[in-house]
Every structure is written in structure tokens, then in C-alpha cells.
Amino acid sequence: MSRFPLRRTRFALLACACAALAACGSFDIAPGRLLTAVTPYRVEVVQGNFVSKEQVEALKPGMSRQQVKETLGTPLLASVFHSERWDYVFTLKRQGVDPQSRKLTVYFKGNVMDRFEGDEMPSEAEFVATLDKRKAGKVPVLEASEEKLGKFTATPAAADATPAAAAPPAVNYPPLEPPAR
């Protein structure tokens, strides 16, 4: 086989490389602007429980743990070492927007809420408006009827008067280590 096809191929590749390099110089975009025009995709990170101003206003001292959980949701942090405290933390990180972080701590005495403290929470409408400025549409009216609210206004004593659960059946587990010989 002749060496001419191999030389032609090399010459063609060299000509294409030179043309590509020459074309790069003909762009009328500054190098800094070229890098900002192409950005990598960054994942939106949402962690924790969003707690609204309306939910915080519904908290009243004397509420049971179950009532607080129904109002705010499951706490993000409920430590064994701090059993009298629930922490609700919410963080949102999005590309092109400053990160948001809010904290609310609920303190209990026994099985009853004593107090709460934390950041000032936005209303649901304010939070929805900050999520996406491009889709600024109407936020639906978020209201509960008196009938729906009536089922959540049970007294703490009635919520604590639930019957005791039956003891779980005894389970016999095999030993963790084999018997010594």
C-alpha cells in the first residue's frame, strides 16, 4: 500500500486543525463574556421543613407534641440528648439566588409545648413569590374553613388521654457470636 493516502490524511487533519484555530480568533466575544455565557447546571438544594408565618401563629403554649407535629410537621432535629426541644431548620440553595436559611426551635415541658423561638418566618404567599420570579402568577388563597379548624382545636388533655398501646410481643433473637468451643 502506498504512503500517499496516509500523507493526504495527515495533511487534511493538519489543515482542519489550522482552520479551527483561525476560526477561534474570529469570534467577537471577549474571553470573560464567553465563560459567563456558558454556565454549568447547579442542582437546587432544599433541605428541612418550610415553616410559614401562619403555622407559627397557630402555635399556642400548652399544645401537645402531637398537635405541634400536626401544625409544623416532623422536626428536622429531635435529639435523644435534648428530648425537650425540637428544631425545625429550612435551607434553600439555588443558582443565581442568595441562599435562604431559617430556624425555629420549639421547647417542651413534659409532653406540653412551653415556648418557641427562631427567625421571623415569611408568609406562604411571600415564600412562593420568592421561589420563581419568572413565573410570577397569582398565588391561590390559602384559607381553612371554621369546620376544618375545629377538628384541630382539641384540648391537650383530650389528646393525651389516648389508650395505652399493648406491649409488643417478646422476640427471641439468635446470639450475635457463635458459642465458644
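Every condition in (1) at pLDDT 85 or above; (2) surrounded by fewer than 13 Cβ atoms within 10 Å (Cβ to Cβ) is met by Thr71 except one, and the failing one is (2). Taken over region 84-124, residues that are at pLDDT below 85 and small (Gly, Ala, Ser) amount to 1. Restricting attention to region 10-51, which residues are of a type in the set (Val, Ile, Thr) and at pLDDT 75 or above? The answer is Val43, Val45, Val46, Val51.
The values are calculated or read from the model by the stated rules, or taken from the named source; none is laboratory data. Quick caveat, the model's predicted, so the values are computed rather than measured. Cβ atoms come from the backbone with ideal geometry, glycine included; neighbour counts cover every protein chain shown.
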